[in-house]
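K.L.:
The structure follows.
The values are calculated or read from the model by the stated rules, or taken from the named source; none is laboratory data. Bear in mind the structure is a predicted one, so any value in this text is a computation, not a measurement. Note that we place each Cβ from the backbone using ideal geometry, even for glycine, and neighbour counts take in every protein chain shown. Heads up: the accessible areas ignore ligands, DNA and RNA and are worked out on the full protein's heavy atoms, side chains in. Shrake-Rupley method; radii C 1.70, N 1.55, O 1.52, S 1.80 Å.
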Amino acid sequence: MAKGQLFIISGPSGVGKGTIVKRLLDETDVTFSVSMTTRKPRPGEVEGVSYYFVSDEEFDRTVEEEGFLEYAGNFGNRYGTPLAPILENLESGRDVLLDIDIQGALSVKKRYPKGVFIFILPPNMAELRKRITGRGTETEDSLNRRLGKALEEISYIDKYDYCIVNGELDEAVTRAKAILVAEHSRVTEDIYKLIDTYKEEV
Ligand code: 5GP
């Protein structure tokens, strides 16, 4: 059976990545990689679905056991991608989607260069500012910090395979789905095997 593919989506905080990811989970067969985090759940977030919410001690233990594909610190909290479920899903032929920050994506690229790296961009900085402010959780200081970080993160776009400008949501989702489909249309080992069966028939 063909192995699944690993898709990594990242983009600056507030770019609307979460909404695109949710639509992909609803509308395609891709499996979400649930990360572990030491941050507290936000209203509406569900344990084991949004994240595994863990203590610092449990996070440390997983690091020691080499249970993460990658892990990183963000705004004072830590986030990690559990390795075992990803390997299991890919082996079973299921595509896996990671929603992780740029730092994490770069680590994944080193360990798993076959991954497909997708960057989500805002249509412009004014819109990003508006979206971050719209969450209502930011002070002026943390807003500026996030915008500064966004610009720095965008400078890593050359490490990515695809980028999607998230101006209009439906358009962005259509493009993301198109990437998933395109990546399953590559000339791979499986295609050579298929062609071998043609030869047997001629
Ligand atoms: P939030 O706290 O808003 O859910 O996420 C903050 C940032 O952490 C987002 O950019 C998100 O993509 C990133 N993130 C979530 N899970 C992981 C992970 O497992 N590893 C890394 N490196 N970043 C993550």
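K.L.:
With the checklist (1) near the ligand (Cβ under 8 Å from one of its atoms); (2) open to solvent by 20 Å² or more (accessible area, probe 1.4 Å); (3) within 15 Å of the chain's Cα centre (by Cα) in hand, flag the one item Arg42 doesn't pass.
P.N.:
(3)
K.L.:
Against the definition (within 23 Å of Leu6 (Cα to Cα) and open to solvent by 50 Å² or more (accessible area, probe 1.4 Å)), how does Lys130 come out, yes or no?
P.N.:
Here the answer is no, as Lys130 does not meet what is asked.
K.L.:
Related question: Can you give me the number of residues within region 22-38 that are open to solvent by less than 20 Å² (accessible area, probe 1.4 Å) and either within 9 Å of the ligand (Cβ to nearest atom) or more than 27 Å from Thr133 (Cβ to Cβ) (or both)?
P.N.:
Total satisfying the criteria: 4.
K.L.:
Would you mind listing the helices (runs of 4 or more DSSP H) fully within region 50-141 where at least 2 residues are touching a residue at least 60 places away in the same chain (Cβ under 8 Å) and β-branched (Val, Ile, Thr)?
P.N.:
102-111
K.L.:
Which pairs do you get when a residue that is part of a helix (DSSP H, G or I), found in region 170-191, comes within reach of a residue that is of a type in the set (Ser, Thr, Tyr) and open to solvent by 60 Å² or more (accessible area, probe 1.4 Å), reach meaning Cβ atoms under 7 angstrom, with the pair 6+ apart or on two chains?
P.N.:
Listed pairs, sorted by first residue: Ile179/Tyr162.
K.L.:
Quick one: would you say Ile86 is closer than 18 Å to Phe119 by Cβ and within 12 Å of the ligand (Cβ to nearest atom)?
P.N.:
No; evaluated as a whole, the condition is false for this residue.
K.L.:
Which one is farthest from Pro113 (Cα to Cα) among residues in region 152-166 that are assigned to a helix (DSSP H, G or I) and without any contact (Cβ under 8 Å) to a residue 24 or more places away in the chain?
P.N.:
By that ranking, first place goes to Glu152.
K.L.:
Still on this model: Just checking, how many residues over region 154-171 are farther than 16 Å from Glu127 by Cβ and open to solvent by less than 60 Å² (accessible area, probe 1.4 Å)?
P.N.:
2
K.L.:
Let me ask something else. Return the total of residues in region 94-112 being small (Gly, Ala, Ser) and open to solvent by less than 30 Å² (accessible area, probe 1.4 Å).
P.N.:
Here the count works out to 2.
K.L.:
So Thr133 fits all but one of (1) within 13 Å of the ligand (Cβ to nearest atom); (2) among the β-branched types (Val, Ile, Thr); (3) assigned by TED's automatic domain parsing to the domain that holds Glu152; what number is the exception?
P.N.:
(1)
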